[in-house]
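The next block holds one structure in the form of structure tokens; read it before the comments.
Coordinate-derived values only; no laboratory data. Predicted model, so just to flag it, every value in this text is computed and none were measured. Heads up, the Cβs are rebuilt from the backbone with ideal geometry, glycines too, and the neighbour counts pull from every protein chain shown.
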Amino acid sequence: MTQTRDSETAAGTPKREMRLTLKIWRQPNHDAPGKIHTYEVDDISEDMSFLEMLDVLNEQLNAAGEEPIAFDSDCREGICGQCGLMIDGEAHGPEVTTTCQLHMRSFKDGDTITVEPWRADAFPVVKDLVVDRGAFDRIIQQGGYVSVNTGAAPDAHATPVPKDKADRAFDVATCIGCGACVAACPNGSASLFLGAKITHLGELPQGQAERDTRVVNMIGQHDHEGFGGCTNIGECTAACPKGIPLDVISRLNWDLHAALRHGH
Ligand code: SF4
Ligand code: FES
């Protein structure tokens, strides 16, 4: 009887199972040199996520007594921003989504896939595919908040927000801080991330108190961390899994100029 690489779904539709060659960046720690290692994985279902495929490889490595590959993930639902990988040179891989929401049906049997960590000076490699994105946290600490009176929650309608501004704020608030924009940018700039945060809070009445200091301090921290400047290439927005538009960077520049005019 002929062996096939396909299994059957309950409905009788053949399901593809794949054998893949993985070229994966291994680096023991930040100070040690890294290099690409080659692995073979078998029986990968097209319904697996990319991270589940890496889980299968790690089970294989564990069984063989080898060190499993370190990579980040948390929610595995596309909302926490932990899981970024460069896959065949593209941030989060061939689809516009997070790595955890990328499925193996985007690849085919026999493919060779290269997997690397985010490449940016401001995101140093911790181990293998894990990078330190603490620079984003330090940028947020510089102004990614609003001043509020503590105490009982105010009535929902106490501070009216026009619908177009609320919609815009909500849309850009979907930025999950994954860092794909930085990894995709030839300059290693975090301007799309910054623009999303500045626009989110700048659209809302509650965000006006710190509007000038926010933009000055967050950009200052961005530059201090070693992120590059924006030269309007647009790779950031093309890679962004949340569709953050490029015009948030115009808003960022607009707010910075306004703050400088106000003497900050
Ligand atoms: S702007 Fe997009 S790509 Fe950049 S951190 Fe936010 S969600 Fe990720
Ligand atoms: S693991 Fe949370 S967004 Fe991918």
Item checked: Under 26 Å from Lys165, Cα to Cα: lysines that are on another chain or at least 8 residues apart -> Lys197, Lys242
Note to self: Helix 211-225 against the longest principal axis of the chain: what's the angle in degrees, Cα atoms only, rounded to the nearest 10?
What the structure shows: 40 degrees
Item checked: Sorted by Cβ density within 10 Å, fewest first, the residues Tyr39, Tyr145 -> Tyr145, Tyr39
Notebook entry, point to check: What translational diffusion coefficient, in µm²/s and rounded to a whole number, does the Stokes-Einstein relation yield for the chain at 10 °C and a viscosity of 1.306 mPa s, taking the hydrodynamic radius as the Kirkwood radius over Cα pairs?
Noted result: 78 µm²/s
Margin query: Can you bin every Cα-Cα distance in region 80-223 into 5 Å intervals starting at zero and give me the percent of pairs per bin, rounded to whole numbers?
Written below: 2, 9, 16, 18, 16, 13, 10, 7, 5, 2, 1, 0, 0
Check: DSSP loop GluC sites (Glu not before Pro) in region 60-155 with at most 14 other Cβ atoms within 10 Å of their Cβ, which ones?
Finding: Glu66, Glu77
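Below 13 angstrom from the Cβ of Leu22, what's the summed charge of the other residues (Lys, Arg +1; Asp, Glu -1)? Please list the in-between numbers first.
Values: positive: Arg19, Lys23, Arg26; negative: Glu40, Asp42, Asp55, Asp88, Asp111, Glu116, Asp128.
With Lys, Arg at +1 and Asp, Glu at -1, the neighbours total -4.
Over region 15-125, what lengths in whole Å, largest first, do the semi-axes of the equivalent ellipsoid take, defined as the square roots of 5 times the eigenvalues of the alpha-carbon gyration tensor?
Details: eigenvalues 87, 64, 34 Å².
Three semi-axes, in Å: 21, 18, 13.
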Next item on the list: Take every DSSP beta bridge with both residues inside the chain and express the antiparallel ones as a percent of the total, to the nearest 5.
Entry: 85 percent
Checklist line | Qualifying lysines (Cα of each under 26 Å from Cα of Lys127; at least 8 residues distant if same chain) | finding: Lys23, Lys35
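Counting other beta carbons within 10 Å of each Cβ, put Arg138, Arg119, Arg214, Arg133 in order, fewest first. The partial results should precede the final answer.
Values: Arg138 13, Arg119 16, Arg214 24, Arg133 21.
The fewest-first ordering by Cβ neighbours comes to Arg138, Arg119, Arg133, Arg214.
What net charge do the residues around Val248 carry, taking every other residue with its C-beta under 10 Å from that of Val248, with Lys and Arg at +1 and Asp and Glu at -1? Intermediate results must be reported in sequence, preceding the final value.
Working: positive: Arg168, Lys197, Arg251; negative: Asp171, Asp247.
Around Val248, the surrounding residues sum to +1.
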Item checked: Under-5 Å amide H pairs with Gly93, H placed in peptide plane, nonlocal only -> Ile87
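What number, rounded to the nearest 500 deg cm²/dmol, is the helix-based mean residue ellipticity at 222 nm of the chain, given -39500 (n - 2.57) per DSSP H run of at least four residues and division by all its residues? It would help to have the intermediate numbers written out before the result.
Details: 8 runs with 84 residues, N = 264.
Using -39500 (n - 2.57) per qualifying helix, the result is -9500 deg cm²/dmol.
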